[in-house]
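*Asks:* The structure's right below; bear with me while I get my questions together.
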Amino acid sequence: MKFIKLFTMATVLMAIGHSSANALQFDMGRFSVKLTGYATGGIIEPDFQSTLFIGDWRVRGQMTYEANAALKIGAVYAMDQIAMDKGNAAREVFTFLESVQYGRLEFGFTDSIARKLGIGLPDVGGLRINDRPLFNEKIVPDGPVIADTALTSGRSKALRLNAVAAPVNGVQYGVSVAGITDDYDWAVDAGLKVRKSEGKIKTAYSVGVSFMDNPHDFDNEVYTPGVTADWRAQMSVGFNLQYNSWIWGTTGRIIYDMDPIGTPSDGFVVGTGISYDLLRYSVSLTYMFSDTGVWQRNIDDFADHMAIASFRYKYSELVDGWISGGITSKTPFVSAGLRITF
């Protein structure tokens, strides 16, 4: 059977990928340079008919200077498969000032604070369901799909200033402003996260809001067209609960465009998922529902379902293999691969 063939291939990849490499870090007095990242290689079979290759990677470099015990100055550069596919020179590049007492300021090209404080869905596979899912590169839906429950107002094209407070009693909040871009006039985002980590049951809540003025062909989703409208408003919510090795999460995102031109790209997406870890093994089950164009009365909206089950085996500290199966855009699929981190 083809599924058995995929499982065998993933096992072979894990054996080949065994590595004893360590994360790259260099410290010299108050200066520190650290390089982290991962690489994923695998295959996917849409409709169990053809075997296609999928790949994903990310590299992140950070340089910091410790001015004193409570203050750091640094810079970050990151590049990944997503940025390369979109023709960008970086995923993010920014400088930061971090205070233990007050929090952190970031300036450059990076995600909004609403996204950074957001909560993703539990998933142990390697298909990147919380950031432009990999399976939709090979399985194209019949209509526009909002594939990410985390709020976003761009990353690599708009100059942004993030300000986030230091966590106090598990509460952290921040705001960001962005502009100097052809995608919109300006954008303001705000985020809040609350963590409760005492006891056996640990919880986390997040809320994010965003307002974007005069978006012009703003395209930051995978399978929705660029939006041109008077303004765009967004809101995201998330909840995460952990009990021992069990993690359950649910998230949602709403997008509303005022007087959009062309094919609608607003609507909502909701999702839920659960995962369980046992020694070197992890399993998860995740579901998402997207409804695009729901606010437009003169056209039919497009609904899309995604359900995926994943299994991961941690071969070593740096190498793990995964197998996933599910359905998206009415197309069943199975996938397997290897991930190496450093």
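*Asks:* Take the alpha carbon gyration tensor of segment 283-342, find the square roots of its eigenvalues, order them as a ≥ b ≥ c, and report rounded if a/c is under 1.5; if not, report prolate when a/b exceeds b/c, else oblate. Kindly include the intermediate steps, with their values, before the conclusion.
*Replies:* Working: a/c = 4.04, a/b = 2.90, b/c = 1.39.
The shape class here is prolate.
*Asks:* Still on this model: Pulled fully out, how much extra length does the chain show between residue 213 and residue 53, if you take 0.36 nm times their separation in residues and subtract their Cα-Cα distance? Spell out each step's value before the answer.
*Replies:* Working: separation 160, 0.36 × 160 = 57.60 nm, distance 3.94 nm.
Stretched out fully, the residue 213 to residue 53 stretch lengthens by 53.7 nm.
*Asks:* Please tell me the relative contact order of the chain in percent, rounded to the nearest whole number, where contacts are Cα pairs under 8 Å and at least six residues apart. Please list the in-between numbers first.
*Replies:* Values: 985 pairs, mean separation 60.5, N = 342.
Normalised by residue count, the contact order of the chain is 18 percent.
*Asks:* Calculate the translational D of segment 136-251 in whole µm² s⁻¹ from Stokes-Einstein, where the hydrodynamic radius comes from the Kirkwood formula applied to all Cα pairs, the temperature is 20 °C and the viscosity 1.002 mPa s. List each step's numbers first, then the result.
*Replies:* On the way: Rh = 16.1 Å.
Roughly 133 µm²/s, to the nearest whole number.
*Asks:* Oh, and also: Cut-off 10 angstrom, C-alpha nodes, Gaussian network model of the chain. Which of 232, 104, 280 fluctuates the most?
*Replies:* 280
*Asks:* Then there is this: Let me check I've understood the local charge: for residue 116, count other residues with C-beta under 12 angstrom from its C-beta, Lys and Arg +1, Asp and Glu -1. What total comes out?
*Replies:* Within the 12 Å Cβ shell, the charges total +1.
*Asks:* How charged is the neighbourhood of residue 311? Take every other residue with its Cβ under 14 Å from the Cβ of residue 311, and add Lys/Arg as +1 and Asp/Glu as -1.
*Replies:* After counting each charged neighbour, the total is +1.
*Asks:* Compute the convex hull volume of the Cα atoms of the chain, divide it by the residue count, and report the result per residue in Å³ as a whole number. Display every interim value, and only then the final one.
*Replies:* Numbers: hull volume 46.8 nm³, N = 342.
Convex hull volume per residue, Cα atoms: 137 Å³.
*Asks:* Kindly state, as a whole number, the per residue volume in cubic angstrom of the convex hull around the alpha carbon atoms of segment 189-342. Display every interim value, and only then the final one.
*Replies:* Values: hull volume 21.7 nm³, N = 154.
Output value, Cα hull per residue: 141 Å³.
*Asks:* Using Cα positions and a limit of under 13 Å, work out the aspartates and glutamates in reach of residue 72, with same-chain residues fewer than 8 apart set aside.
*Replies:* Filter leaves 98, 106.
*Asks:* Residue 142 to residue 101: extension gain in nm, 0.36 nm per residue of separation minus the Cα-Cα distance?
*Replies:* On the way: separation 41, 0.36 × 41 = 14.76 nm, distance 4.99 nm.
Result: 9.8 nm gained on full extension.
*Asks:* With label points built 7 Å along Cα→Cβ from the Cα atoms of residue 35 and residue 279, find their separation and express it in nm.
*Replies:* Calculated label separation equals 3.5 nm.
*Asks:* Greater than 26 Å separation of Cα atoms is the criterion. Which listed pairs, 86/116; 34/138; 34/116, meet it? Numbers along the way, then the final one.
*Replies:* Details: 86/116 21 Å; 34/138 34 Å; 34/116 20 Å.
Beyond 26 Å between Cα atoms: 34/138.
*Asks:* Residues of segment 39-68 with backbone nitrogen within less than 18 Å of a virtual label 7 Å along the Cα-to-Cβ line of residue 166, please, listed as ranges.
*Replies:* Label zone hits: 65-68.
*Asks:* Only Lys, Arg, Asp and Glu count, each charged at its Cβ (+1, +1, -1, -1), so figure out the dipole size of segment 2-341 about its Cα centre, rounded to 20 debye.
*Replies:* The dipole of segment 2-341 has a size of about 1460 debye.
*Asks:* More than 15 Å apart: what percent of Cα pairs in segment 58-104 qualify? Don't jump to the answer; show the numbers that get you there.
*Replies:* Numbers: 550 of 1081 pairs.
The proportion of pairs with Cα distances above 15 Å equals 51 percent.
*Asks:* Take the Cα pairs of segment 100-168, get the Kirkwood Rh, then feed it into Stokes-Einstein at 25 °C and 0.890 mPa s and tell me D in µm²/s.
*Replies:* Details: Rh = 14.3 Å.
For these conditions, the coefficient is 171 µm²/s.
*Asks:* Extending each Cα 7 Å along its Cβ direction at residue 235 and residue 177, get the distance between those two points in nm, one decimal.
*Replies:* 2.4 nm
*Asks:* What does the helix-only formula give at 222 nm for the chain: each DSSP H stretch with n ≥ 4 adding -39500 (n - 2.57), the total divided by the residues, and the result rounded to the nearest 500 deg cm²/dmol? Can you show the working numbers first?
*Replies:* Numbers: 3 runs with 24 residues, N = 342.
Roughly -2000 deg cm²/dmol at 222 nm, from the helical runs in the chain.
*Asks:* Using only C-alpha positions, report the orientation-averaged shadow area of the convex hull of segment 233-280, nm², one decimal. Provide the component values of the computation, followed by the final result.
*Replies:* Details: hull surface 18.4 nm².
With every direction weighted equally, the projected area is 4.6 nm².
*Asks:* Using mean Cβ contacts within 10 Å as the protection proxy, how do 170-177, 63-70 order, highest first? Walk me through the intermediate numbers first.
*Replies:* On the way: 170-177: 18.1, 63-70: 12.8.
My ranking of the peptides, most packed first, is 170-177, 63-70.
*Asks:* Applying a 10 Å radius around every beta-carbon, put 82-95, 318-331 in order of their mean neighbour count, most first. Before the final figure, lay out each step's value.
*Replies:* Values: 82-95: 15.7, 318-331: 20.2.
By packing density, highest mean first, the sequence is 318-331, 82-95.
Bear in mind these aren't lab numbers, they're just calculated from the coordinates by the rules spelled out. Here the structure is a predicted model, which is why all the values come from computation and not from measurement. Don't worry about glycine lacking a Cβ; one is built from the backbone with ideal geometry, like all the others, and counts go over all protein chains shown.
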